[in-house]
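Report on the following structure.
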Amino acid sequence: MTQIDYFFAPMSPFTYLAGARLEAVAARHGAEIRYIPIDAPALFPRTGGQLLAERHESRKAYRLQELRRGAQKQGVPILMPAPYFPVNPAPASYAIIAAAKAGGGDLAGLVQAFPRAVWAEGRNIAEDEVVKEILAAHGFDSGVADRYMLAAAETYANNLEEAVSRGVFGVPFYIVGNETFWGQDRLDDLDLYLAGKL
């Protein structure tokens, strides 16, 4: 079975705009998704990027236009500014890693729920209560992140090293074998690649 390695950050607006389209692509081609949350703010300076706060004003302005247009194209709401962005992505990332380890719930829905909470619902995904509510809403034990916290923290650190070593420099980022796709706006290309047309 083809595996799509999906590197993402749960607070990223572009991860939010990806929605459930990756899962639809994977289903069309019988592919499996490996969900890999990473610390995007730690990734950027290690791979030639800049933190948002350090970017030139013209880049910040363009990013806002891209987000507005992207939300309109996908037909989803977006809060600009989001009241809880930037936000610490670690608690949500630990929860996703722990949920994947425990199993038994809707992992894809969980992955999509955290960025939606930030960008459509105005929630703080660094708050323990919010994390637990989102876990429970997707069929997971709300305490799973607490039980696996140390292991999840280690996996989260390892995920960043894997991302750097495999050429990931932004989120969302998709890898199939040696073929890489950066950004939710490259999901159509990923679809074509899996269909053998690229």
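Here is how the numbers come out for the structure above:
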| quantity | calculated |
| --- | --- |
| Conditions (1) at pLDDT 95 or above; (2) surrounded by fewer than 18 Cβ atoms within 10 Å (Cβ to Cβ); (3) under 25 Å from residue 159 (Cβ atoms); number of the one not met by residue 82 | (2) |
| Filter result for residue 76 (in a loop (DSSP other than H, G, I, E, B), in contact with a helix residue (DSSP H, G or I) (Cβ under 8 Å, 6 or more places away or on another chain), open to solvent by 10 Å² or more (accessible area, probe 1.4 Å) and within 28 Å of residue 154 (Cβ to Cβ)) | no |
| Residues of the range 32-41 classified as open to solvent by 30 Å² or more (accessible area, probe 1.4 Å) and either at pLDDT below 95 or assigned to a helix (DSSP H, G or I) (or both), total | 1 |
| Condition met for residue 158 (on the phi < 0 side of the Ramachandran plot, of a type outside the set (Val, Ile, Thr), assigned to a helix (DSSP H, G or I) and modelled with pLDDT of 95 or more) | yes |
| Checking residue 112 against (1) in contact (Cβ under 8 Å) with a residue 24 or more places away in the chain; (2) of a type outside the set (A, V, I, L, M, F, W, C); (3) part of a helix (DSSP H, G or I); (4) more than 20 Å from residue 32 (Cα to Cα), the condition it does not meet | (4) |
| Every residue from the range 170-179 that is more than 14 Å from the chain's Cα centre (by Cα) and open to solvent by less than 70 Å² (accessible area, probe 1.4 Å) | 176, 177 |
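The values are calculated or read from the model by the stated rules, or taken from the named source; none is laboratory data. For clarity, every value in this text was computed on a predicted model and none was experimentally measured. Ideal geometry is used to build each Cβ from the backbone, glycine not excepted, and the neighbour counts take in all protein chains shown. Each accessible area value is taken on the protein alone, full model and side chains, heavy atoms only, with ligands, DNA and RNA left out. Shrake-Rupley method; radii C 1.70, N 1.55, O 1.52, S 1.80 Å.
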